[in-house]
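Just so you know, all these numbers are worked out from the coordinates, no wet-lab data involved. Owing to the predicted nature of the structure, the values given are computational and were not obtained by experimental measurement. All Cβ positions, glycine included, derive from the backbone under ideal geometry; neighbour counts span all protein chains shown.
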Amino acid sequence: MSLVLESFPVGPLGCNCSIIGCSETKEAAVVDPGGDVDEIIARLKKHGLTPKYLLHTHAHFDHIIGSRGMREKTGALICLNKDDQFLYDKLTTQAGMFGFAADEPLPVDRFIEDEEEFGIGSMKASVIHTPGHTPGSCCFSLGAKESVLFSGDTLFNRSIGRTDLWGGSFEEIIKSISTRLFTLDDSTRVITGHGPDTDIWSEKKKNPFFQ
């Protein structure tokens, strides 16, 4: 198995979009297509990959604003936890509140559930439901040669996601990180929703919200 993994900022708020691909089967998933659809597609083509899934960590506009374009241009399925459906449906309103324009979203193709697995070639990405930033926030755990976690806006490098937006809960996000993410292997690389990578060990030891 040969993992293809590329993360890069996209869209108006610099959301970290990630491409997970299998170099053998050429299947891929895109985590959080938050804009710049043509760039995402170009990077997929560079690796010769065909996306099967658009995996969304949550439904804030800066993580889903490119989902319609990706669905229309690649056929990849829009995947989201149903507890964030209310946010997904309000994409245009969300974007407008921050001064951006967005097209109406397409219907969600597949609602994802806790501990569900997505096959990407010979790899599997597991869903970890981590409510707090939003009710339907999820992280994706990739058990490759080195473990990788796509944490969305739940866990950041030395910080956590804000909880003052629709459906946010400080108590829930602390519980989600403590009981679901901090039980992962210390060496797990964490690709966050914005900003630099981190790892589980560093956040356990140095994240100010857990000291």
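If I take R0 = 25 Å and measure r between the Cβ atoms of R162 and S126 in this structure, what FRET efficiency does the formula 1/(1 + (r/R0)^6) give, to the nearest 0.05?
Efficiency, rounded to the nearest 0.05: 0.50.
Grab the DSSP H runs of the chain that are 4 residues or longer, score each as -39,500 (n - 2.57), total them, divide by all residues and round the 222 nm result to the nearest 500 deg cm²/dmol.
-5500 deg cm²/dmol
Once you have the alpha carbon radius of gyration of the chain, what is it after dividing by 2.2 N^0.38 Å, with N set to its residue count?
The chain yields a ratio of 0.94.
So what's the stretch 1-46 giving for Cα Rg divided by 2.2 N^0.38 Å, two decimals?
The stretch 1-46 yields a ratio of 1.12.
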